[in-house]
1. Add +1 for every Lys or Arg and -1 for every Asp or Glu among the other residues with Cβ under 13 Å from the Cβ of A:Ser84, and state the total.
2. Can you give the charge dipole size of the protein assembly as shown about its Cα centre, rounded to the nearest 20 debye, using +1 on the beta carbon of Lys and Arg and -1 on the beta carbon of Asp and Glu?
3. What length, rounded to one decimal in nm, is gained on full extension from A:Ile110 through to A:Leu70, with 0.36 nm per residue of separation minus their alpha-carbon distance?
4. Based on Cα coordinates alone, diagonalise the gyration tensor for chain A, multiply each eigenvalue by 5, take square roots, and list the semi-axes in whole Å, largest first.
5. For chain A, what does the relative contact order come out to in percent, with C-alpha contacts under 8 Å and a separation of six or more?
6. Using the Karplus curve 6.51 cos²θ - 1.76 cosθ + 1.60 with θ = phi - 60°, what ³J(HN,Hα) values do you get for each residue of the stretch A:52-62, in whole Hz, with x for Gly and Pro?
7. Around A:Leu65, which amide H atoms from residues at least 5 apart in sequence, or from another chain, sit under 5 Å from its own amide H, with H modelled in the peptide plane?
8. Based on the Cβ-Cβ distance from A:Leu9 to B:Thr112, what FRET efficiency comes out when R0 is 22 Å, to the nearest 0.05?
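Each reported figure results from applying straightforward, stated rules to the coordinates on display, with no laboratory input. Just so you know, these numbers come straight off a predicted model, no measurement behind them. Cβ sites come from the backbone with ideal geometry, for glycine too, and all protein chains shown count toward neighbours.
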Amino acid sequence: EDKVVQSPLSLVVHEGDTVTLNCSYEVTNFRSLLWYKQEKKAPTFLFMLTSSGIEKKSGRLSSILDKKELFSILNITATQTGDSAIYLCAVDMTGNTPLVFGKGTRLSVIA
Amino acid sequence: SAVISQKPSRDICQRGTSLTIQCQVDSQVTMMFWYRQQPGQSLTLIATANQGSEATYESGFVIDKFPISRPNLTFSTLTVSNMSPEDSSIYLCSVGGTPSYEQYFGPGTRLTVT
């Protein structure tokens with residue numbers, strides 16, 4: 001069975017902290033791994049990773065993929081209260097099929 | 001990136017009634033997906049909406065309860081039929097098969113059934 005496992009499921013940090021969110025996967029086929037941020041209703045796209053060892057970066061967020069060990073991490077540095085959200089990891093197996101989602105990590109950043 | 005709109009944004013409905021959610025994309029896309037997210041849960045795929053053919057439903061979801069239409073490559077509807085309070089969720093449409101292969105989500109419909 002295809003599955004994506006995220007850890008931790010929830011996390012509370014103080015503003016300014018650095019956090020690392022984990023995502024491991026076991027799937028029958030792999031095309032890409034995607035990270036989303038969900039604040040209210042709709043997940044918003046953060047990163048798509050297809051190759052191992054190449055860091056994707058956007059401001060204080062960065063992510064990297066390890067296709068040998070089948071995991072990815074999402075780093076957030078100097079966290080702000082606006083980073084509070086659910087972070088979803090998903091695997092795209094073919095590009096034309098539904099994503100396989102993890103359960104998400106609920107991040108709470110307190111002032 | 002694809003721009004997706006959903007209507008309605010939110011609704012409060014009485015049990016036993018039905019609600020149709022519309023999803024419109026600004027470009028032609030191969031695949032459209034419908035997800036449900038119940039309170040405190042992750043996303044659950046309801047079905048894949050195929051243009052010109054029947055939707056493909058995931059285990060636990062049936063066409064009588066969640067009929068789907070996909071009349072063309074830019075539009076789809078999901079109907080939640082004979083609603084009960086357990087259907088209270090966020091419903092999301094998503095598109096795949098875009099040139100960049102990133103899957104994008106519509107803004108979602110928050111449904112409350114009383």
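1. Numbers: positive: A:Lys37, A:Lys40, A:Arg106; negative: A:Glu15, A:Asp17, A:Glu39, A:Asp83.
Neighbourhood net charge equals -1.
2. Numbers: 19 positive and 19 negative charges, 68 e Å.
The calculation lands at about 320 debye.
3. Numbers: separation 40, 0.36 × 40 = 14.40 nm, distance 3.15 nm.
Contour length minus the Cα-Cα distance gives 11.2 nm.
4. Numbers: eigenvalues 110, 41, 29 Å².
The equivalent ellipsoid of chain A has semi-axes of 23, 14, 12 Å.
5. On the way: 286 pairs, mean separation 41.3, N = 111.
The value is 37 percent.
6. 3J(HN,Hα) across the stretch A:52-62, in whole Hz: 5, x, 9, 7, 9, 9, 8, x, 8, 9, 8.
7. Sorted by chain and number, the residues that satisfy this are A:Gly53, A:Ile54.
8. 0.30
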